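Visitor: One structure, as structure tokens, below. Some questions next.
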Amino acid sequence: MNKFLRINDLKVHFPTDDGVVKAVDGLTFDLAKGTTLGIVGESGSGKSVTSLAIMGLHRGSRAKVSGEIWLDDIDLLKTTDEEIRAMRGRKMAMIFQDPLSAMHPYYTIGQQLTEAIRVHHHVSKKAAKVTVVDMLARVGIPSPDKRFDQYPHEFSGGMRQRAMIAMALINNPELLIADEPTTALDVTVQAQILDLMRDLQKEFGSAIIMITHDLGVVAEIADDVLVMYGGKCVEYAEVDDAFHAPDHPYTWGLMTSMPRLDRTRLERLVPVAGNPPSLINIPPGCAFHPRCTFREFASAPCDQVVPELVQSYPKHDSRCLIPAPKRAELFAEQIAPRL
Amino acid sequence: MFYYILRRLASVVVMVFLITATTFALFFASPIDPARYTCGKNCTPTILEGNRKALGYDQPATVQYGKFLAGLVVGREFPDNEQLKADHPEQIVKCPAPCLGYSPSQHRTINEMVSEAWPISLSIAVGAFILWMLIGVGGGIVAALNKGKWQDRTIVGTALIGFSLPTFFVGLVLLTFPAIKWGWVPIPKYVGFTENPALWAANLILPWITLAFFFAASYVRLTRAYMIETLSEDYIRTANAKGVAKWAVIFKHGLRAVLTPIVTAAGLDLGGLLGGAIITESVFSLHGLGYLAVHSVTTMDLPTIVAMVMIVSTFIVVANMLVDIAYGFIDPRVKLAK
Amino acid sequence: MSLLTVTDLRKHFPTYQQKLVRVEGAPIKAVDGLSLSLNAGETLGLVGESGCGKSTAGRTILRLLEPTSGTIEFEDKDVTHATGSELAHLRRQMQMVFQDPYGSLNPRHPIGAIIAAPFLIQGIKPEGGTKRAVQELMERVGLNPEHYNRYPHEFSGGQRQRIGVARAIALKPKLVVCDEPVSALDVSIQAQVINLLEDIQQEQNLAYVFIAHDLSVVRHISDRVMVMYLGKVMEVADRDALYERPMHPYTQALMSAVPVPEPRRDRERILLTGDLPSPQNPPSGCVFRTRCPIATERCAAEVPMPTELEPGHLVACHYPTVRQVI
């Protein structure tokens, strides 16, 4: 089946004076139109770097990007700078975490959205304005013609993020990448924004990559989940499986360490010991091994052998040296009761 | 905004008032007798006394200051002597408002001297300004875009040299070689812009380069630093993500943000320079306000010193105010009402 | 005896308008009538969204900001206007852990000095020397005591937050206000710091005022929870009562908005309309009425006072109804 977006063995390495930072080290996944992939990871997992690589925003920097990124049968990594620039904001678009710093403080919202149109289409400013006002209304901004002439700092946080979404979707892109779009927002506003994104996806049929560290957000909006750790994918599954039958010690760690809104955890939280890995000195073997409590069950030494991403169940991949049946057993005995 | 401008204008007036009062006080604290310079070698005490009375130097400080202020508003006459006015009206020198005073050693009103010197300083300042902004900002942008590469290092290195060489040295080198020895340009002598623009420029090109060398250096570094910082901002990443072309990102998004602090600094520098570039004018013997100021100090021409202090400080204070107001227009986030 | 009693605390920030002369504008009513009581060893969770006044409340209680009106009593002594040595003595007993692990530690001081600072400032010489005491504290919070001379930038976010905790408990206070202590940390680290706070609370019978916007974290750590909106208290209850039987429409909306790691649940979502009003110009009557789905004219005319609808459960609303939204 022809997936809309196919990433194959993506690597993004940054050479620095202290060594090579392997921000993304062999990532493979795909995405169909009209679906949402949630990429979950903490700081230093490589999730943001991945999204920038898809958009081609590492060009001109020191990053070395290798692998394949197929968007609708075009390998993005082989396009020229001009070709990929033409796709940005048109075929694929991105929204960022902090809408205040992500928009130019000196230009009005109207000017910035108009630019988004006119960079890709030959239309007059007047014609563009009509589209912009319409789009602002679509994303739920009241009095859009007045707001057209206002500056980003005159909007509230939620309104700003809506404006950013409007700016990203104004050319009807087929792929939308949202990098922690709601982390900086209040929870009631976050709910509105997530609802908006779901509605717009239904309307436009775009594929969405949602990057977040919030498992709740992933559960709400994603169809598939990809868990990243140390620049690699450690688990990749459909959302129901990911939450009801997680199959990697890191994912277990994330779930048991989170307090939940819907139940009172009677015992202590079980944190993941240690700290996220430094991407310059990724631990040898399995990147997660220094923090893993189940090392003893691995079928090969975790500190020497790098586990491959293996399909353990239909549409469910994991990267772990513990044999799959053993993992299922451990999950049932030790993890599930805690959740 | 309106109230802000009104308040600033009021504070400008107050500041200029304070500055003139302070300078006037220094004038009085000085042990030098201003009347001393009214005549040359053949001075007798009687003549001195007469001059002193005529020019009003015998009166108390407050009276003199009062007359100075009055002169600024309505104009003055020298010598301030009713008798003389009646008997010999042709010997009275009229000094229309704003009257800056009368130079005893030059025997002219300061207004006259300033009106001759002012166009020269203006020409030097504006020309140098345009030159240094183009070189400085342009160089800074190129350096920032090529950070770490040879273009960056060369530009910054040259800027460092430009910054460290004293203006008088650069001026003298330019005067000696391109003007005198090689004859590429005429030896600078002021020709009015309205008389002959080409000649005006040719005469001023060397002082322009002298000043630009120095100022451009600091603007290169300033622009480079701001540009590098701006280019790492999130909104630049967004502009790229929108598919904006590379040059549009640099100029429309990046430079627009950088211009704010640059224009602020430039406004202040220009304001100060309008009061005269002392060293440059001296090196090239161009009799602008800077030259006038120096001359007034060496000849202890106290009224002129007072007037020059007032002019220079007014330029700076007004430039300050204009820059602050401009900031309110350039940056939509700034609310000038505090 | 209640450890901390706060009665009708208000903190208003004056604003000014500049015309030709400075004229006072409408004040920002950051905290506008907060009352609470806290016992030793208890944790009060203070939740709300941005602009609700929870951080301001925390700081005012500790006298980092001067209250505009209201009273603060600590161990039955009125400390609202304490000064001088009385205030200094108070500071030994009430401490704070800050939100930003990057900004709250002076980058120029080695962490040994940072943790030792409370001793030096209060002129206390612990038995066995200050350095010994500091190293014991470092061990207690899970840091290596040999890192005494390292600087903050050499530590991760979670470790820096531990340094902040060590500094806060150095003088063995009775009350610690934690202002969003885990919001800036990675999820896997948050649990470590939460556990640390809980352990220390157990050992030293500390009372916490735990300020956060994350309702899940608050549910885990609090004994009682207070919900704030635009400077006022909307609802206060015991933890389980609040989460299982919220009665205020704002609390319900807040809880219904929090995404839960459980895919495809059919949850009722109560959506709030409109934007947060300005704290300089709060709505008349009930401050929540402009966004409330069930507001009536009465809500505009009359300020709802917190009423005890079940034991220990106060609600400031004219139309409270129990609604399960989680």
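Visitor: Is it true that some residue in the stretch A:95-115 is of a type in the set (A, V, I, L, M, F, W, C), under 17 Å from A:T212 (Cα atoms) and under 17 Å from the mean Cα position of the chain (by Cα)?
Guide: yes
Visitor: Please list, ordered by first then second residue, the pairs with beta carbon atoms under 6 Å, 6 or more apart or interchain, first in the stretch A:307-325 and surrounded by 22 or more Cβ atoms within 10 Å (Cβ to Cβ), second assigned to a strand (DSSP E or B).
Guide: A:S318/A:E235; A:S318/A:S312; A:R319/A:V234
Visitor: Let me ask another. Just one of B:V323, B:V312, B:V306, B:V294 is in a helix (DSSP H, G or I) and either in the same structural domain as B:A144 (by TED's automatic domain parsing) or on the phi > 0 side of the Ramachandran plot (or both); which is it?
Guide: Result: B:V294 is the single residue among B:V323, B:V312, B:V306, B:V294 that is in a helix (DSSP H, G or I) and either in the same structural domain as B:A144 (by TED's automatic domain parsing) or on the phi > 0 side of the Ramachandran plot (or both).
Visitor: Of all residues in the stretch A:83-114 being facing chain B (nearest Cβ under 9 Å) and among the hydroxyl-bearing types (S, T, Y), which is farthest from A:A168 (Cα to Cα)?
Guide: A:Y106
Visitor: Is it the case that the stretch C:284-297 has a residue that's polar (S, T, N, Q) and closer than 25 Å to A:D186 by Cα? If you could, list the steps in order and put the result at the bottom.
Guide: Kept after step one, since they are polar (S, T, N, Q), are these residues of the stretch C:284-297: C:284, C:290, C:296.
Narrowing further to those that are closer than 25 Å to A:D186 by Cα: C:284, C:290.
Yes - at least one qualifying residue is present in the stretch C:284-297.
Visitor: Oh, and also: Just give me the residues in the stretch A:160-171 being in contact (Cβ under 8 Å) with a residue 40 or more places away in the chain and assigned to a helix (DSSP H, G or I), in sequence order.
Guide: A:R160, A:Q161, A:A163, A:M164, A:I165, A:A166, A:M167, A:A168, A:L169, listed by residue number.
Visitor: Which condition from (1) more than 7 Å from every other protein chain (Cβ to nearest Cβ); (2) more than 15 Å from A:S312 (Cα to Cα); (3) buried (at least 21 other Cβ atoms within 10 Å of the Cβ) is the one that A:H248 breaks?
Guide: Only one criterion in (1) more than 7 Å from every other protein chain (Cβ to nearest Cβ); (2) more than 15 Å from A:S312 (Cα to Cα); (3) buried (at least 21 other Cβ atoms within 10 Å of the Cβ) is unmet by A:H248, namely (2).
Visitor: Going by what's in this entry, would C:L120 be described as surrounded by fewer than 16 Cβ atoms within 10 Å (Cβ to Cβ) and part of a loop (DSSP other than H, G, I, E, B)? First the steps, then the outcome.
Guide: Details: surrounded by fewer than 16 Cβ atoms within 10 Å (Cβ to Cβ): yes; part of a loop (DSSP other than H, G, I, E, B): no.
The answer is no for C:L120.
Visitor: Something else now. Testing B:V126 on (1) touching a Leu at 6+ places or on another chain (Cβ under 6 Å); (2) surrounded by fewer than 20 Cβ atoms within 10 Å (Cβ to Cβ), one condition comes back false. Which one is that?
Guide: (1)
Visitor: Filter the stretch B:138-148 down to the residues that are surrounded by fewer than 23 Cβ atoms within 10 Å (Cβ to Cβ) and either among the polar types (S, T, N, Q) or in contact with a helix residue (DSSP H, G or I) (Cβ under 9 Å, 6 or more places away or on another chain) (or both) and list them by number. Please lay out each step first, then the result.
Guide: Initially, the stretch B:138-148 is screened for residues surrounded by fewer than 23 Cβ atoms within 10 Å (Cβ to Cβ), giving B:138, B:141-142, B:145-148.
The answer is B:G138, B:I141, B:V142, B:L145, B:N146, B:K147.
Visitor: Just checking: which of the strands (runs of 3 or more DSSP E) contained wholly in the stretch C:210-311 hold 3 or more residues that are within 14 Å of chain A (Cβ to nearest Cβ) and at pLDDT below 95?
Guide: Ranges flagged: none.
Visitor: Filter the stretch C:123-144 for residues that are closer than 24 Å to A:P271 by Cβ and assigned to a loop (DSSP other than H, G, I, E, B) and give the result.
Guide: Residues satisfying the conditions are C:V141, C:G142, C:L143, C:N144.
Visitor: Moving on to the next point. Within the stretch A:257-297, count every residue that is out of contact with any Pro (no Cβ under 7 Å at 6 or more places or on another chain), more than 8 Å from every other protein chain (Cβ to nearest Cβ), crowded, with 17+ Cβ neighbours inside 10 Å and touching a residue at least 60 places away in the same chain (Cβ under 8 Å).
Guide: 2
Visitor: Separate question: Just give me the residues in the stretch A:172-192 being touching a residue at least 40 places away in the same chain (Cβ under 8 Å), buried (at least 20 other Cβ atoms within 10 Å of the Cβ), within 11 Å of another protein chain (Cβ to nearest Cβ) and not hydrophobic (A, V, I, L, M, F, W, C), in sequence order.
Guide: A:P173, A:D179, A:Q192
Visitor: Just checking, how many residues over the stretch B:289-312 are at pLDDT 85 or above, buried (at least 19 other Cβ atoms within 10 Å of the Cβ) and in contact with a Gly (Cβ under 9 Å, 6 or more places away or on another chain)?
Guide: Residues meeting the conditions: 10.
Visitor: Still on this model: Every residue in the stretch A:309-332 that is among the aliphatic types (A, V, I, L, M) and assigned to a loop (DSSP other than H, G, I, E, B), please.
Guide: First pass over the stretch A:309-332, keeping only residues among the aliphatic types (A, V, I, L, M): A:309-310, A:321-322, A:324, A:328, A:330, A:332.
Residues satisfying the conditions are A:L309, A:L321, A:I322.
Visitor: Test C:L46 against the criterion of being of a type outside the set (G, A, S), surrounded by 21 or more Cβ atoms within 10 Å (Cβ to Cβ), more than 24 Å from C:L254 (Cα to Cα) and touching a helix residue (DSSP H, G or I) at 6+ places or on another chain (Cβ under 8 Å), and give yes or no.
Guide: No: the conditions fail for C:L46.
Visitor: Just for the stretch A:13-51: of the residues that are in contact with a helix residue (DSSP H, G or I) (Cβ under 8 Å, 6 or more places away or on another chain) and either of a type in the set (A, V, I, L, M, F, W, C) or in a helix (DSSP H, G or I) (or both), which one is surrounded by the fewest Cβ atoms within 10 Å (Cβ to Cβ)?
Guide: Restricting to residues being in contact with a helix residue (DSSP H, G or I) (Cβ under 8 Å, 6 or more places away or on another chain) and either of a type in the set (A, V, I, L, M, F, W, C) or in a helix (DSSP H, G or I) (or both), the top hit is A:A23.
Visitor: If I filter the stretch A:115-130 for residues that are of a type in the set (A, V, I, L, M), in contact (Cβ under 8 Å) with a residue 12 or more places away in the chain, assigned to a loop (DSSP other than H, G, I, E, B) and at the interface with chain B (Cβ under 9 Å from one of its Cβ atoms), do I get at least one hit?
Guide: Yes, that holds for at least one residue.
Visitor: Could you grab me the full set of residues in the stretch A:194-213 that are within 12 Å of chain C (Cβ to nearest Cβ), crowded, with 22+ Cβ neighbours inside 10 Å and either modelled with pLDDT of 95 or more or in contact with a Leu (Cβ under 8 Å, 6 or more places away or on another chain) (or both)?
Guide: Hit for the stretch A:194-213 is A:M210, nothing else.
Visitor: Filter the stretch B:149-190 for residues that are modelled with pLDDT under 85, assigned to a helix (DSSP H, G or I) and crowded, with 17+ Cβ neighbours inside 10 Å and give the result.
Guide: Correct list: B:A179 only.
The values are calculated or read from the model by the stated rules, or taken from the named source; none is laboratory data. Keep in mind that this is a model prediction, so the values were computed, not measured. All Cβ positions, glycine included, derive from the backbone under ideal geometry; neighbour counts span all protein chains shown.
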